[in-house]
Every structure is written in C-alpha cells, then in structure tokens.
Amino acid sequence: MAARALNSAHRALNSFLFIVLASFLFNIAFISAKSTIEPCSNADSCNSLLGYTLYTDLKVSEVASLFQVDPISILTANAIDVSYPDVENHILPSKLFIKIPISCSCVDGIRKSVSTRYKTRPSDTLLSIADTIYAGLVSSDQIREANSISDPSVLDVGQTLVVPLPCTCFNGTDNSLPAIYLSYVVQVEDTLTGIAVRYSTTITDLMNVNAMGNPSIKAGDILAVPLSACASKFPRYSSDFGLIVPNGSYAITASHCVQCSCGPGNRNLYCMPAPFAVSCSSMQCRNSNLMLGNYTAQQSSAGCNVTSCSYGGFVNGTILTTLSSNLQPRCPGPQQFPPLKAPPTTVIRDSNFAPAPAPQSDGTGSPAPRSGLIPSSIGSLPGLPPASGPVGTGFSSPSSSSSSSLANPLGSILAALMLFIVAYFLTSLSL
C-alpha cells in the first residue's frame, strides 16, 4: 500500500517537473531568433550589406570604426553627399538606419564576415555588445564562441573581441539578375509584406531566399533581402573583380581614381573619373580622344552610331579602358545619376536609406553627378561574378550556394533536451 502511494507520488512529481521544464525549454527554444545562412565551399570573398540602426548619436567615422570599413564607403553606399565639409566627422542621429558595406568570406563552410574587431569598454557585456552596440546583427553566444570565452560574465576592459557578422551573397544574383544582399534585423513592427514593399521585392522572393516555410517573422530574426544592383564584368585578374553596386548608390575603386554608380532606371554600371586630387594612370581610351565615361553619338538613317569609352577594371596600378562602337535605335540622352542626400541630422519615420525602386526604364549618357566624392581609404569591395542565384524553392543549383533558415543553435539544443525529458517522462509512467 505504501509502495503504491509512493509510486503515485513519484509519478505526480515527474508530471509536475515535466510540465515546468518542457514549458520553459519550449519557450526558449522557439523564441530564439532565426538567421539565414549560406553554405560555401571556396575561398572567394564577395560583397554584402548590413542593415544597421545606430544605438546613439555617432560620427560617420565612429560607425566605420565599429565595422572596420572606410567611412566614405558607408556614405556612398547610402548615396549621401560627401562634398560637405568634414563629412567623415558628421554626427549621425540615434536610431538612423543605414547600410554598411562589408566583405563576406567563407569560414568553416559558411558565409560570414569575421574582419570586425571590438575593443571592450567599462560596463560592456556580451549581451550589450550584441544587442545594443551591434543592434542585434550578432548574438552574445556567437561572440562567446568566436572568442572561446569560458566565462561570459568576465570581460577585461580593452579586450579585443572578434565580432562575427551575418552576410550572404548567393553569387551576386537574384532570379538571374544582379543583386546584393542586405542582412536585415526584423523589428517589432515589421511584417514580411512591409519589408518586401520597402525593398522593392516580393514576399515570395523573400521566402525563397530565406528558405521560409511560411511568412511568419518575429523581432530579432535576420533576413537576407535581395537588392537590385549593377554588376561589373571586369576580368578575374583585376583587383576590383566582381564589383557590384546597389541600385541608387555609388562606389569608389581603382585607388580612388574611378567613381561608379548604379541607376536610376537601369542595371548598367556607369564609371567615370573620380573628381579627386589623386595621381591616376591614364583614363583615355587607346586610339581615341575619348576619356573614361565619355561617348560620341552620330545619327544616321539606320539609327544612332554610339562610340563609348568604358571602365574595364584595375590591374597592377593601371586603369583598363575599353573602346566600343554599336548601333542603337536612338541616340542616348545625358547620363542619369542616383540622387544624393544631405548628411542626415534627424530621423524621419519611413525615410531611412532604403534602396531605390527597381529599374523600369533605360537611361544612358555621360557628364558628372552634381557632387564629387572624396577618396576612400579602402577602395572597391571584392565580390563574385554574376551567376545563378536563389530561385524557386530557396535552394540554388548544385553549382551555387543554398540558403538555410536556422534557429539559434541554443534553441536546437534545448529542443533536443525537451524531447529527452518527454521520453524520460513516458518511460517513468510505464514503471
């Protein structure tokens, strides 16, 4: 009799512990944020973008220091006018959303950026570094693992930490068109529909790229968002091979000698001499009087004969130029350039620096934009040539990388532990 009572009490206690622990682990496992990862198998680097929200007022140079990138590359990626005096020390307002251009490597079979280093300050914790300073682009567990930290509660002031940041490239294409991918941290008020509208894409495309089974998202998820872009066709041996520029923005390359832009209205990369006082190799096309970015047009009964001098890459300190002639139905008009924004001083809701609308019309021509750009200390960002990108089910062809939308590893471990508890509970009931 006593044994039967004891057995009943044992079962009741098991039931109670099961309910409490299962509920706790279920919540933790499934509240963990998701992030899209891209498997890789080669050592090539590529272009990517981070969507970053400032946690406080910061100078452009301070933001650049957080990510170890060139301040001017941040400004040009967001089409911010760099002709303003001392623009690198311009103070950007708290809560401003900007795009950060980064180089994406293949590390342990996964695309990620590992070039960012952070020096700890008093009162820093792994959680504050991840969630506040880097705005959720990385988790405290990822920082801990990347730096082999056994006790996350102990951080030395001045300690240098590797900050692994998300990035995806998918061979620089989306549905076989040039694209660059933005790692976007989902906010509380976000919906997949709203994100698709803002970045001129579709819910279907976002779901395919991120291998999502349904359109449900939650705050803290990191989505790979494809942005329309202009891709270069430079030879593999050029130092700026794979240069790709988001639609509606600019880039500097060839040791600050060449300025390239994308759009509006087309996916044709347009490059011209950068208006800087730097020493550059010749930018005149051979056997021609045309300079880089210039063209001549002659109307004929058959159409318009256009001869142009275009940029062909940067090789061993030499700017390559290509002279080409072709017959077009009509003569091109003046070159259209992405509009430039003044350095922001306030944050206006829904006016963040989102990419320009997808191109819908053609535009060609020559002269220069209304404002010059100042030299970059880094130059162009390396990338991969156009290839087949993620289409259909969200998984690319065997020759390209595929995406995987994975929960935080901690969530997977806890889910496994929860299953173990279930098995133990069922076993105990049979005793």
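The values are calculated or read from the model by the stated rules, or taken from the named source; none is laboratory data. Computed from a predicted model, the values in this text were never measured in an experiment. Cβ coordinates were reconstructed from backbone atoms using ideal geometry, including for glycine residues, and neighbour counts include every protein chain displayed. The protein model used for the area step is the full one, side chains on, heavy atoms only, and it has no ligands, DNA or RNA in it. Shrake-Rupley method; radii C 1.70, N 1.55, O 1.52, S 1.80 Å.
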*If we scan segment 256-276, do we find a residue that is of a type in the set (Ser, Thr, Tyr) and closer than 21 Å to Phe337 by Cβ?*
yes
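Please state which one of Gly172, Gly194 is in the same structural domain as Cys106 (by the TED database), in contact (Cβ under 8 Å) with a residue 24 or more places away in the chain, more than 25 Å from Ser65 (Cα to Cα) and among the small types (Gly, Ala, Ser).
Values: Gly194 fails: in contact (Cβ under 8 Å) with a residue 24 or more places away in the chain.
After ruling out the rest, the residue left standing is Gly172.
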*Confirm whether Val347 is closer than 30 Å to Leu58 by Cα, outside the structural domain of Lys95 (by the TED database), aliphatic (A, V, I, L, M) and open to solvent by less than 20 Å² (accessible area, probe 1.4 Å).*
no
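Does Cys304 meet the test of being free of Cβ contacts under 8 Å to residues at least 40 places away in the same chain and touching a Lys or Arg at 6+ places or on another chain (Cβ under 7 Å)?
When the stated conditions are applied, Cys304 passes them.
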*Within segment 183-190, is even one residue at pLDDT 95 or above, within 29 Å of Thr322 (Cβ to Cβ) and within 18 Å of the chain's Cα centre (by Cα)?*
no
*For Ala135, work out the one condition from (1) of a type in the set (A, V, I, L, M); (2) closer than 19 Å to Ser65 by Cβ; (3) free of Cβ contacts under 8 Å to residues at least 12 places away in the same chain it doesn't fulfil.*
(3)
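Quick test for you: out of Ser301, Ser361, Ser371, pick the one residue that is more than 26 Å from Ser282 (Cα to Cα) and modelled with pLDDT under 85. Walk me through it before giving the result.
Working: Ser301 fails: modelled with pLDDT under 85; Ser371 fails: more than 26 Å from Ser282 (Cα to Cα).
None of the others qualify; the one that does is Ser361.
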*Taking Asn247 and the conditions (1) more than 30 Å from Asn210 (Cα to Cα); (2) open to solvent by less than 40 Å² (accessible area, probe 1.4 Å); (3) at pLDDT 90 or above, which numbered condition does it fall short on, given that it satisfies the others?*
(1)
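Does Val163 fit the bill of being crowded, with 20+ Cβ neighbours inside 10 Å, farther than 16 Å from Met207 by Cα and touching a Phe, Trp or Tyr at 6+ places or on another chain (Cβ under 9 Å)?
In short, yes.
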*Please find, within segment 106-134, the residue that is modelled with the lowest pLDDT out of those that are surrounded by 19 or more Cβ atoms within 10 Å (Cβ to Cβ) and within 17 Å of the chain's Cα centre (by Cα).*
Lys112
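May I ask you to list the residues in segment 55-73 that are open to solvent by less than 10 Å² (accessible area, probe 1.4 Å), at pLDDT 95 or above and touching a helix residue (DSSP H, G or I) at 6+ places or on another chain (Cβ under 7 Å)?
Initial filter on segment 55-73 (open to solvent by less than 10 Å² (accessible area, probe 1.4 Å)): 60, 63-64, 67, 70, 72.
Filter again for at pLDDT 95 or above, leaving 60, 63-64, 67.
Matches in segment 55-73: Val60, Val63, Ala64.
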*Looking at segment 242-271, which of its residues are β-branched (Val, Ile, Thr) and farther than 12 Å from Ala229 by Cβ?*
Ile252, Thr253, Val258
*Do you know which residues across segment 309-344 are over 21 Å from Ala251 (Cα atoms) and open to solvent by 30 Å² or more (accessible area, probe 1.4 Å)?*
Leu323, Ser324, Ser325, Asn326, Leu327, Gln328, Pro329, Arg330, Cys331, Gly333
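Looking only at segment 191-221, count how many residues are outside any helix (DSSP H, G or I), of a type outside the set (Val, Ile, Thr) and either open to solvent by less than 40 Å² (accessible area, probe 1.4 Å) or within 24 Å of Cys262 (Cβ to Cβ) (or both).
Just the residues of segment 191-221 that are outside any helix (DSSP H, G or I), to begin with: 191, 199-202, 210-221.
Then keep just the ones that are of a type outside the set (Val, Ile, Thr); that gives 199-200, 210-216, 218-221.
Restricting the remaining residues to those that are either open to solvent by less than 40 Å² (accessible area, probe 1.4 Å) or within 24 Å of Cys262 (Cβ to Cβ) (or both) gives 199-200, 210-212, 220-221.
Result for segment 191-221: 7.
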*When you look at Asn287, is it open to solvent by 40 Å² or more (accessible area, probe 1.4 Å), part of a loop (DSSP other than H, G, I, E, B) and at pLDDT below 95, yes or no?*
yes
*Ser228 is checked against (1) in contact (Cβ under 8 Å) with a residue 40 or more places away in the chain; (2) polar (S, T, N, Q); (3) open to solvent by 40 Å² or more (accessible area, probe 1.4 Å); (4) not in a loop (DSSP other than H, G, I, E, B) and fails just one. What number does that condition carry?*
(3)
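Of everything in segment 62-118, what is of a type in the set (Gly, Ala, Ser) and not in a helix (DSSP H, G or I)? Give them in sequence order. Can you show your working first?
Going through segment 62-118, the residues of a type in the set (Gly, Ala, Ser) turn out to be 64-65, 73, 77, 79, 83, 94, 103, 105, 109, 113, 115.
Of everything in segment 62-118, those that are of a type in the set (Gly, Ala, Ser) and not in a helix (DSSP H, G or I) turn out to be Ala79, Ser83, Ser94, Ser103, Ser105, Gly109, Ser113, Ser115.
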_Taking the conditions exactly as written (at pLDDT 90 or above, under 21 Å from Thr345 (Cβ atoms) and hydrophobic (A, V, I, L, M, F, W, C)), does Ile102 satisfy them or not?_
no
*Sole exception among (1) among the hydroxyl-bearing types (Ser, Thr, Tyr); (2) assigned to a loop (DSSP other than H, G, I, E, B); (3) within 21 Å of Val69 (Cβ to Cβ) for Ser148, by number*: (3)
